[in-house]
1. Pick from region A:5-19 the residues that are more than 9 Å from RNA strand B (Cβ to nearest atom) and assigned to a loop (DSSP other than H, G, I, E, B): which of them is least open to solvent (accessible area, probe 1.4 Å)?
2. Just to be sure before I move on: is A:Arg187 of a type outside the set (Gly, Ala, Ser) and closer than 27 Å to A:Gly321 by Cβ in the structure I sent?
3. Say whether the condition of being surrounded by fewer than 18 Cβ atoms within 10 Å (Cβ to Cβ) and away from RNA strand B (no atom under 16 Å from the Cβ) is met by at least one residue in region A:126-145.
4. Since A:Cys226 meets every condition but one in (1) assigned by TED's automatic domain parsing to the domain that holds A:Asn379; (2) of a type outside the set (Ser, Thr, Tyr); (3) open to solvent by 60 Å² or more (accessible area, probe 1.4 Å), which condition does it not meet?
5. Determine which single condition A:Ala22 fails, assuming it passes every other condition in (1) open to solvent by less than 30 Å² (accessible area, probe 1.4 Å); (2) under 30 Å from A:Pro129 (Cβ atoms).
6. Here are some conditions: (1) surrounded by fewer than 17 Cβ atoms within 10 Å (Cβ to Cβ); (2) touching a Gly at 6+ places or on another chain (Cβ under 9 Å). A:Met374 meets all but one. Which one does it not meet?
7. Return a yes/no flag: does region A:562-573 have any residue that is within 11 Å of RNA strand B (Cβ to nearest atom) and either in contact (Cβ under 8 Å) with a residue 60 or more places away in the chain or under 15 Å from A:Pro484 (Cα atoms) (or both).
Amino acid sequence: MHRWSKLFVPTLREVPSDAEVASHKFLLRAGYVRQLGAGIYSYLFLGQRSVNKIIAIVREEMDLIGQEFLLPALNPAEIWQESGRWTGMGQNMFRLQDRKGAWLALGMTHEEVMTDIARKELRSYKQLPQIWYQIQTKFRDEPRPKSGLLRVRQFLMKDSYSFDIDAAGLDRSFDLHDQVYRKIFTRCGLSFVAVEADSGAMGGSQSQEFMVYTEAGEDLIASCACCGYAANMEKAVSRLAPLQDLAPTGDGQPELVFTPGKGAIADVAEFFHISPAQDVKTVAYMVETKSAKGESVWHPVAAFLRGDHFVNETKLLGLLGGSDLRTMQAEELETWFRGPAGYLGPIGLAPAASLLDGKLNVIVDAALEGRTNMVCGANKLDYHFRNVTPGRDFSWTIAADIRNVAEGEGCPTCGAPLKVAKAVEVGHIFKLGYKYTESMGARVLDPNGKEVTPIMGSYGIGIERILTAAIEQGNDPNGFWLPPSIAPFDVVVTITNVSDAALLAAGEKVAADLEAAGFDVLLDDRNERAGVKFKDADLIGIPYRVNIGKKVAEGKVELVRRASAASEDVEMAGIALALSNAALPA
RNA sequence: CGGGGCGUAGCGCAGCCUGGUAGCGCAUCUGCUUUGGGAGCAGAGGGCCGGGGGUUCGAAUCCCUCCGCCCCGACCA
């Protein structure tokens with residue numbers, strides 16, 4: 001039992017001015033955390049208790065499928081150079097030099113360290129599969145730490161890594177993690193959704209994120225309430241409603257039309273009395289790729305899509321294998337289009353025969369295929385073409401899905417309207433493949449005595465994000481409530497007036513009974529007015545409260561649920577049973 | 001890295017434009033009263049006004065510069 005009068009729980013009445021999102025405000029106000037620098041936080045008593053409960057759940061579940069390691073945060077540059085990520089990770093990795101001038105990095109993830117162990121120790125297929133995990137601090141020099149505790153520079157992560165003899169084994173390891181993650185997030189009381197995701201800079205194939213819906217999230221998720229389809233916007237696809245193409249005019253061939261000052265999609269649509277969907281949008285990029293030596297090369301890219309659609313730059317980069325992109329400058333537009341922004345179009349371009357062969361990469365969004373009689377820019381100031389039919393009037397290097405899915409479009413599996421909402425990522429599992437084992441030279445002998453490269457998977461959980469996501473899911477203007485499984489205490493016993501000896505004694509008794517029944521109990525024995533204690537109790541996230549008040553004279557106390565504010569009077573002697581009945585099984 | 005904002009007591013802020021030696025609310029400490037939704041009265045403590053430089057008789061205030069933090073964007077296993 002912890003007595004509040006002896007604890008350091010610095011609650012704040014006023015909202016710190018730096019805090020924007022709910023979880024940030026309340027973590028500060030409830031005395032869970034304090035900020036040390038941008039994206040750097042200290043966890044105080046309550047915060048640390050909650051984090052410890054989360055870790056305990058994660059550890060308990062992970063131990064069913066893997067083995068916990070403790071790995072160094074300080075990594076010699078060499079292993080990162082071997083994997084190619086010393087340069088590949090760019091500025092996001094904290095780097096430092098030791099007294100001899102040797103370069104080191106603070107680990108932002110541990111593929112390299114795990115693979116180093118694997119290559120030195122694993123010799124035979126008989127040793128596989130292996131699942132190794134760690135729960136440790138990771139460092140990332142984020143371009144912009146933000147949203148309070150949601151994007152920080154130092155954070156706790158559970159990371160696991162699987163080594164298998166073949167792809168079928170990797171499938172099993174991946175599925176094991178999928179199942180365990182669902183149990184972990186469920187036990188932590190989160191309402192989450194598993195989505196298809198882009199595998200990003202980590203490399204690899206199948207990738208799945210575990211997302212919690214919240215307005216504070218940085219990711220957009222497209223989901224279908226009907227069949228359960230859900231995907232990150234970077235990966236989401238949709239079915240489009242059939243469109244009526246325009247009827248051709250004149251001889252049906254592209255016709256140059258004077259469109260003075262109509263450089264924007266909306267203006268063009270209005271000018272021709274068409275919907276933006278009948279227009280071809282042109283977006284011109286310079287896309288960077290990196291050579292093996294880390295040198296960057298920039299490639300011109302012309303992307304065409306429906307006027308009412310938007311480019312998804314992640315999809316575009318993935319298609320080209322690019323590392324970065326920016327839109328073209330005016331001089332570059334002149335070079336590749338011979339036309340100005342606002343009037344760019346696909347007709348007359350010389351598309352590269354294959355991607356990145358030095359010529360203009362012309363990429364057409366899949367939604368343009370099969371369309372006829374569209375409108376597009378003429379690569380000439382104040383002129384557009386009409387009667388433009390993709391394939392007949394212009395060609396391309398490649399057609400692919402490069403657009404953003406929009407709310408209301410059809411689910412790709414069942415056709416029902418998709419919903420698009422913000423979410424925060426709490427976990428990510430994906431199949432790495434051979435990227436690290438190959439580059440770092442991990443080899444084992446297979447049953448035939450042949451040397452083979454093990455295949456890897458990588459699986460992360462953001463420990464503190466579970467806490468922040470839970471707060472985002474359960475808060476009101478007075479504070480928040482955590483699921484009992486991850487709350488710092490199950491229940492706070494509030495003695496409304498400690499100068500009343502009878503109430504004080506009753507509070508001690510109730511707290512002792514609850515503790516004996518296995519609950520984590522916080523006894524609010526502070527010499528404060530009842531109102532102050534109620535406000536604090538509502539603020540700090542504890543799911544249940546027992547009020548020790550006037551009804552003690554009748555042998556009764558009051559049990560209050562934080563989330564609903566519902567309260568009931570219960571016999572003092574039966575409080576432990578009453579709370580057991582109220583609390584959901586952990 | 002681009003754009004914007006902020007930095008004055010533990011927290012929230014005013015003062016700055018128009019220079020004259022720092023103030024309000026909450027919190028803290030002491031005493032008395034109070035005790036079911038952030039109490040009342042009386043008293044007290046607490047500030048290199050983010051750092052450095054400059055202008056001036058005089059700088060929180062004007063100028064230069066550096067640092068830090070927040071927001072938008074870029075970015076982001």
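1. It comes out as A:Val9.
2. no
3. Checked region A:126-145: at least one residue is surrounded by fewer than 18 Cβ atoms within 10 Å (Cβ to Cβ) and away from RNA strand B (no atom under 16 Å from the Cβ).
4. Status for A:Cys226: all satisfied but (1).
5. Of everything listed in (1) open to solvent by less than 30 Å² (accessible area, probe 1.4 Å); (2) under 30 Å from A:Pro129 (Cβ atoms), A:Ala22 misses just condition (2).
6. (1)
7. Scanning region A:562-573 turns up at least one residue that is within 11 Å of RNA strand B (Cβ to nearest atom) and either in contact (Cβ under 8 Å) with a residue 60 or more places away in the chain or under 15 Å from A:Pro484 (Cα atoms) (or both).
Here's the yes/no breakdown for (1) without any contact (Cβ under 8 Å) to a residue 24 or more places away in the chain; (2) within 22 Å of A:Ala406 (Cα to Cα); (3) open to solvent by 30 Å² or more (accessible area, probe 1.4 Å):
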site: A:Met286; (1), (2), (3): no, no, no
site: A:Thr289; (1), (2), (3): no, no, no
site: A:Leu305; (1), (2), (3): no, yes, no
site: A:Asp308; (1), (2), (3): no, yes, yes
site: A:Leu316; (1), (2), (3): no, yes, no
site: A:Gly321; (1), (2), (3): no, no, yes
site: A:Asp324; (1), (2), (3): no, no, yes
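The values are calculated or read from the model by the stated rules, or taken from the named source; none is laboratory data. This one's a predicted model, so the numbers in the text were calculated from it and none came from an experiment. A quick note on method: Cβ atoms are made from the backbone with ideal geometry, for glycine too, and the neighbour counts reach across all protein chains shown. Keep in mind that these areas ignore ligands, DNA and RNA; they rest on the heavy atoms of the full protein, side chains included. Shrake-Rupley method; radii C 1.70, N 1.55, O 1.52, S 1.80 Å.
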